[in-house]
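Shown next, in structure tokens, is the structure this report addresses.
Read-outs: derived from the displayed coordinates by stated rules, not from any lab. Keep in mind that this is a model prediction, so the values were computed, not measured. As a convention, Cβ positions derive from the backbone with ideal geometry for all residues, glycine included, and neighbour counts pool all protein chains shown.
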């Protein structure tokens with residue numbers, strides 16, 4: 001290599017060293033950061049309360065000023081102030097190390113907080129480049145201090161526990177989750193209506209207790225998880241629930257899975273209507289009486305008819321609840337209508353149109369026995 | 001021949017140069033103008049620029065073994081050739097400043113919020129200067145390797161995004177109300193499809209006979225690639241979020257879950273952003289090649305250092321000017337039309353006229 005080339009290379013590498021070193025301004029060892037696992041925001045007495053669950057990665061820590069459970073895997077802190085940033089600033093004053101927001105599993109908002117500050121906080125999350133963008137958002141009906149204390153006593157991370165629980169329920173077709181980006185998109189659209197999972201405590205354990213209804217920019221209702229089966233059928237792709245169907249003195253337990261759902265909007269003479277078609281696959285699992293059941297074609301037809309009616313009524317009630325009780329399209333029928341009638345949707349006020357839309361429900365159930373059981377036999381020895 | 005490139009390298013040279021900054025800003029620009037019907041203006045633009053690429057490659061094929069500066073002397077005379085070369089040198093320095101500011105802002109806002117911007121800039125310019133010093137043939141070879149990784153990682157990332165996204169965010173693919181935004185969208189697409197002019201610093205040989213066809217197909221591929229990026233981003237973020245975010249594609253990647261890969265954004269930072277690095281390298285190289293021909297008596301490495309210093313100073317000055325990126329974007333629009341289309345088209349027509357005159 002020529003001498004000039006070598007000098008050039010040496011110059012380049014010498015100048016690279018400070019450049020590399022400078023890039024380390026962003027590097028921080030893991031033990032030098034306070035890793036937040038979940039954040040909870042509450043509003044009480046006109047003040048914002050800011051709770052943070054931090055991973056205790058440095059081990060035992062029994063300094064004063066922390067919660068009494070500071071030797072556990074997770075430590076929780078809280079602060080309060082007139083505004084969100086004031087409460088956050090006060091929390092920073094308690095932390096020994098820089099807060100790291102890139103690992104937050106769950107963002108918990110109390111109903112009181114969400115009613116007034118849902119938009120503000122979600123927009124803050126969107127703008128903050130340090131925040132974990134896959135963070136799950138939930139509402140809670142429990143006092144956050146109680147929620148964190150109980151979990152802390154059990155040495156459980158609130159953030160991880162809620163995230164994993166909701167993901168499992170979603171995978172199992174028992175519930176549904178909404179990504180933060182989808183909530184933000186909904187909040188930025190001309191019409192806003194969606195549901196946020198609501199978390200509570202059951203037997204001192206975190207549990208999904210229902211769904212909070214977001215209408216516009218505030219929360220205006222709650223649907224308990226017990227009444228949400230049809231909602232799950234309307235909103236998720238592979239829901240699966242068990243039903244008990246009484247037939248000729250026997251109570252049959254049937255596993256019901258949704259195979260296909262079709263929502264067909266139409267618009268005629270200024271009237272919005274939807275045709276909802278559901279195809280279910282049902283499996284007879286067992287009855288509460290002694291076998292044999294002699295579950296022949298006539299029995300199959302009878303049970304199918306009862307189950308179809310149950311499902312149809314549940315779905316009808318779920319749609320009516322959205323239309324008449326909450327007057328909020330958290331079922332996302334607006335998306336279906338907008339895709340088919342984009343021009344018409346632009347010119348209408350969906351808040352007024354949705355409650356008046358007519359809905360026709362068609363339910364088909366195909367009932368069969370499970371492969372390993374023969375309930376048709378009438379033989380007993 | 002040592003100073004030549006293959007047709008495959010032309011493909012990757014075009015892909016890496018054109019996609020430089022586009023992946024970051026295109027989803028927002030398209031969502032804002034053409035909405036959910038973005039694929040129509042993107043594919044129309046890819047066909048138009050496909051024709052432009054055919055003009056440039058045919059021009060290069062007319063003068064085998066020569067670069068634009070050399071054959072422009074035959075077409076337009078010595079004075080005009082120096083004038084055009086000076087224009088291109090300044091143009092590529094301008095584009096270099098624009099890209100480096102984008103690069104610095106992207107790194108600061110997404111990955112290195114506490115690192116001083118002048119340090120990122122210094123590191124970047126040193127790297128690009130070193131690569132540019134190696135010449136266009138070596139760079140084309142490097143682009144071939146980076147290009148494969150870039151296209152592969154970006155396509156795989158987009159496939160994950162498509163599978164995870166919400167279909168309602170992109171539907172309907174065509175809405176009559178979006179048509180009025182097509183003109184604005186086509187204007188926004190001029191800069192993303194600009195960059196074909198880097199072929200002017202590449203000498204073509206006998207093995208580049210098929211280059212016009214390859215270049216046209218490459219532009220169609222780039223069009224489809226842009227459609228994939230825009231649609232997958234909108235599917236993840238939704239149209240309103242995409243409009244609000246300047247770096248929508250990266251934000252969408254941050255949200256996407258991929259099996260095994262916990263941090264898809266870091267994977268994209270490693271491979272996906274290689275197009276941004278490659279773009280800055282080729283722009284530096286183009287400015288260097290024109291400068292070396294204008295100042296033919298000055299040694300190449302001195303010109304490299306001089307351009308590097310000029311770029312660094314200009315970037316530092318630009319960092320302190322409010323809304324500089326908007327200003328640069330505004331000028332880029334006209335400069336790309338002049339550099340990608342008007343000058344090559346004029347040279348092509350002149351070359352054809354001269355050829356006919358000589359024959360007759």
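For residue A:222 and residue A:154, FRET efficiency with R0 = 25 Å and r from the beta-carbon atoms, rounded to 0.05? Could the numbers behind the result be given before it?
Details: r = 26 Å, r/R0 = 1.04.
Working from the Cβ atoms, E equals 0.45.
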Exercise. For the protein assembly as shown, how big is the tail of P(r) above 36 Å, as a whole percent of Cα pairs?
Worked result: 55
Problem set entry | Value of Rg to Rh for the range A:154-229 (Rh from inverse mean 1/r over Cα pairs, i.e. Kirkwood) | 1.00
Exercise. For chain A, what are the per-bin percents of Cα-Cα distances with bins 10 Å wide, up to the bin holding the maximum?
Worked result: 4, 19, 23, 19, 15, 11, 5, 2, 1, 0, 0
Exercise. Under the definition of Cα pairs under 8 Å and six or more residues apart, what whole-number percent is the relative contact order of chain A?
Worked result: 12
Problem set entry | Length-normalised contact order for the range A:32-224 - Cα pairs under 8 Å, 6+ apart - percent | 20
For this session: Could you check the simple spin-label distance between residue B:79 and residue A:168, using points 7 Å along Cα→Cβ, in nm with one decimal?
Result: 8.3
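Using r as the Cβ-Cβ distance of residue A:250 and residue A:277, and R0 as 22 Å, what FRET efficiency do you calculate, to the nearest 0.05?
Numbers: r = 30 Å, r/R0 = 1.37.
That gives a FRET efficiency of 0.15.
Determine the shape class of the range B:76-148: with a ≥ b ≥ c the square roots of the Cα gyration tensor eigenvalues, call it rounded for a/c under 1.5, and otherwise prolate if a/b is greater than b/c, oblate otherwise. Before the final figure, lay out each step's value.
Working: a/c = 2.83, a/b = 1.61, b/c = 1.75.
Since a/c reaches 1.5 but b/c is at least a/b, the shape of the range B:76-148 is classed as oblate.
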Exercise. Where does helix A:297-320 land angle-wise versus the long Cα axis of chain A, in degrees 0 to 90, nearest 10?
Worked result: 50
Exercise. Taking only the alpha-carbon positions of the range A:246-308 and ignoring solvent, what does the Debye formula give for the base-10 log of I(q)/I(0) at q = 0.21, 0.23, 0.29 Å⁻¹?
Worked result: -0.86, -0.97, -1.27
For this session: Just grab the label-to-label distance for residue B:302 and residue A:85, each label 7 Å out from Cα along the Cβ direction, in nm (one decimal).
Result: 5.3
Seminar exercise, completed: Output row, site residue A:352, 7 Å Cα→C-beta label point, backbone N cut-off 15 Å, window the range A:265-290, residues A:270-272
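Rg/Rh for the range A:32-224: what does it come to with C-alpha atoms and Rh from Kirkwood?
Dividing the radius of gyration by the Kirkwood radius yields 0.95.
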For this session: Kindly identify the range B:103-236 as rounded, prolate or oblate by the Cα gyration tensor criterion: order the square roots of the eigenvalues as a ≥ b ≥ c, call it rounded if a/c is under 1.5, otherwise compare a/b with b/c, prolate if a/b is larger, else oblate.
Result: oblate
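Rounded to the nearest 5, what % of DSSP beta bridges with both residues in the range A:228-369 are antiparallel? Don't jump to the answer; show the numbers that get you there.
On the way: 23 of 35 bridges.
Bridges in the range A:228-369 are about 65 percent antiparallel.
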Exercise. Can you give the convex hull volume per residue for the Cα atoms of the range B:1-65, as a whole number of Å³?
Worked result: 93
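In nm, what is the difference between 0.36 nm times the number of residues separating residue A:123 and residue A:190 and their Cα-Cα distance? Each step should come with its number before you reach the end.
Values: separation 67, 0.36 × 67 = 24.12 nm, distance 1.61 nm.
Between residue A:123 and residue A:190, full extension yields an extra 22.5 nm.
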Seminar exercise, completed: From DSSP H assignment alone, runs of 4+ in chain A each adding -39500 (n - 2.57), the sum over residues rounded to the nearest 500 puts [θ] at 222 nm at -11000 deg cm²/dmol
For this session: Out of all DSSP beta bridges with both ends in chain A, state the antiparallel percent to the nearest 5.
Result: 70
Exercise. For labels at residue B:109 and residue A:372 in the simple 7 Å Cα→Cβ model, what's the distance in nm?
Worked result: 5.7
For this session: Report P(r) for the range A:228-369: all Cα-Cα distances, bin width 5 Å, range 0 to the bin holding the largest distance, values in whole percent.
Result: 2, 9, 19, 19, 14, 12, 9, 7, 5, 3, 1, 0, 0
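Using R₀ = 60 Å, calculate the FRET efficiency as 1/(1 + (r/R₀)^6) where r is the Cβ-Cβ separation of residue A:57 and residue A:294; round to 0.05.
Working: r = 63 Å, r/R0 = 1.05.
So, using R0 = 60 Å, E works out to roughly 0.40.
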Problem set entry | Tilt relative to chain B, helix B:324-336 - C-alpha long axis, 0 to 90 degrees, to 10 | 50
Problem set entry | Additional length obtainable on full extension of the chain from residue A:242 to residue A:266, 0.36 nm per residue less Cα span | 5.4 nm
Seminar exercise, completed: Over chain B, the sum of -39500 (n - 2.57) across DSSP H runs of at least four, divided by residue number and rounded to 500 deg cm²/dmol, gives at 222 nm -24000 deg cm²/dmol
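At a threshold of 8 angstrom on Cα-Cα distance, excluding pairs fewer than six apart, so keeping six or more, what relative contact order does chain B reach in percent?
On the way: 501 pairs, mean separation 147.8, N = 360.
Computed value for chain B: 41 percent relative contact order.
Assuming a ≥ b ≥ c are the square roots of the Cα gyration tensor eigenvalues, decide whether the range B:274-360 counts as rounded (a/c under 1.5), prolate (otherwise, with a/b larger than b/c) or oblate. Mind dumping the intermediate values first?
On the way: a/c = 2.78, a/b = 1.52, b/c = 1.83.
Note, shape of the range B:274-360 comes out oblate.
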Seminar exercise, completed: Rounded to the nearest 5, the percent of antiparallel DSSP beta bridges in the range A:32-224 equals 70
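Would you mind computing the Rg to Rh ratio of chain B from its alpha-carbon coordinates, Kirkwood style for Rh? Don't skip to the end; give the middle numbers.
Working: Rg = 20.2 Å, Rh = 20.9 Å.
Radius of gyration over Kirkwood radius for chain B works out to 0.97.
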